[in-house]
1. Pairs needed: first member in segment 72-86, more than 14 Å from PHE165 (Cα to Cα); second member anywhere, of a type in the set (Ser, Thr, Tyr) and open to solvent by 20 Å² or more (accessible area, probe 1.4 Å); C-beta distance under 9 Å; at least 6 residues apart or different chains.
2. Give just the number: which of (1) in contact with a strand residue (DSSP E or B) (Cβ under 8 Å, 6 or more places away or on another chain); (2) modelled with pLDDT of 95 or more; (3) under 15 Å from ALA61 (Cβ atoms); (4) of a type outside the set (Ser, Thr, Tyr) does LYS108 not satisfy?
3. Go through segment 124-152 and report how many residues are in contact (Cβ under 8 Å) with a residue 24 or more places away in the chain, more than 17 Å from GLY34 (Cβ to Cβ) and not in a strand (DSSP E or B).
4. Would you confirm, using the coordinates I've provided, whether THR69 is in contact with a Pro (Cβ under 7 Å, 6 or more places away or on another chain) and either open to solvent by less than 10 Å² (accessible area, probe 1.4 Å) or more than 20 Å from LYS162 (Cα to Cα) (or both)?
5. Could you tell me whether PHE143 is modelled with pLDDT of 95 or more, on the phi < 0 side of the Ramachandran plot and open to solvent by 50 Å² or more (accessible area, probe 1.4 Å)?
6. What pairs come out if I take residues in segment 39-51 that are farther than 19 Å from PHE7 by Cβ and pair them with residues that are assigned to a helix (DSSP H, G or I) and not aliphatic (A, V, I, L, M) whose C-beta lies under 8 Å away, six or more apart or interchain?
7. Evaluate the following for LEU73: is it modelled with pLDDT of 95 or more and under 19 Å from PHE177 (Cβ atoms)?
8. Residue by residue through segment 179-193, note down the ones that are open to solvent by 20 Å² or more (accessible area, probe 1.4 Å), in contact with a Cys (Cβ under 7 Å, 6 or more places away or on another chain) and in a loop (DSSP other than H, G, I, E, B).
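The values are calculated or read from the model by the stated rules, or taken from the named source; none is laboratory data. Bear in mind the structure is a predicted one, so any value in this text is a computation, not a measurement. Here the Cβ is made from the backbone with ideal geometry for all residues, glycine too, and neighbour counts use every protein chain on show. Keep in mind that these areas ignore ligands, DNA and RNA; they rest on the heavy atoms of the full protein, side chains included. Shrake-Rupley method; radii C 1.70, N 1.55, O 1.52, S 1.80 Å.
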Amino acid sequence: MSQLTLFKPLTLRGLTLKNRIVVSPMCQYVAVDGVAQDWHLAHLARFAIGGAGVVFVEATAVEPRGRITHGDLGLWNVAQQAALARIASMIKGLGAIPAIQLAHAGRKASTHRPFEGGGPILPDNAKPGEPAWAALAPSAVPFAPTWPTPEAATLDDIAAIKAAFAASAKRALAAGFEIIEIHCAHGYLLTEFLSPISNQRDDAYGRAWAGGCVCRWRWSTRCAKSGPTSGRCLRGFPRWTGPRAAGTWRIASYWPAR
């Protein structure tokens, strides 16, 4: 009987997966100050033990204001890197390839954990010790009518976030991760730069250059460009929101080439 393709090895950019089973990032919302806990270790270990070829760590914020909730993982300091290095080592030791998703929540930041009801943190519903923070977006357009209005990113903000993605990518590589995914989906910051609903800028990061912001963001956050110059740095890729339903918008419809 021939072997199913799903269980055959696959080599990509010099990295060989023992099979084609990839465990996607799954947010747990139980980090403390962005630091991974024993929960994360146990959660991810079972997938590696189960034989998956690649195991992804959940969406990991590149800076504090890029978190969705107070329980999000982060990778902007040494303590967070050390905790994630423990997880990467465990995944690899169990025979899987350690991978991580780097993210920035944009205007969907500063919310309650889903199992606590979700929704934005407001002055009248904030938990003790877990205040709201100012979300950042391409334009000052809230995610929903009842949500706080985010701050419109300045050019300095954009440069700082690019640098944060680069720094987190370097930390991820130093921690032992062999694949890095840049979160460009689900309406978070990088996706917000693609949508005319959330991006109403008139500069090079908005309508003035169709698709230009995409190229700049992706180029600036590629591991091959911002990480150490080793072969494994090339194993980075963006995750885009893909399916397009009938009647939904297309970039070209709103941002014609100039």
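1. Within 9 Å, the pairs are ASP72/TYR29.
2. (1)
3. Qualifying residue count, segment 124-152: 10.
4. Working: in contact with a Pro (Cβ under 7 Å, 6 or more places away or on another chain): no; either open to solvent by less than 10 Å² (accessible area, probe 1.4 Å) or more than 20 Å from LYS162 (Cα to Cα) (or both): yes.
Judged against the criteria, THR69 is not a match.
5. Numbers: modelled with pLDDT of 95 or more: yes; on the phi < 0 side of the Ramachandran plot: yes; open to solvent by 50 Å² or more (accessible area, probe 1.4 Å): yes.
Here the answer is yes, as PHE143 does meet what is asked.
6. Going by the 8 Å Cβ cut-off, the qualifying pairs are LEU41/ARG86.
7. Working: modelled with pLDDT of 95 or more: yes; under 19 Å from PHE177 (Cβ atoms): yes.
Judged against the criteria, LEU73 is a match.
8. Within segment 179-193, none qualify.
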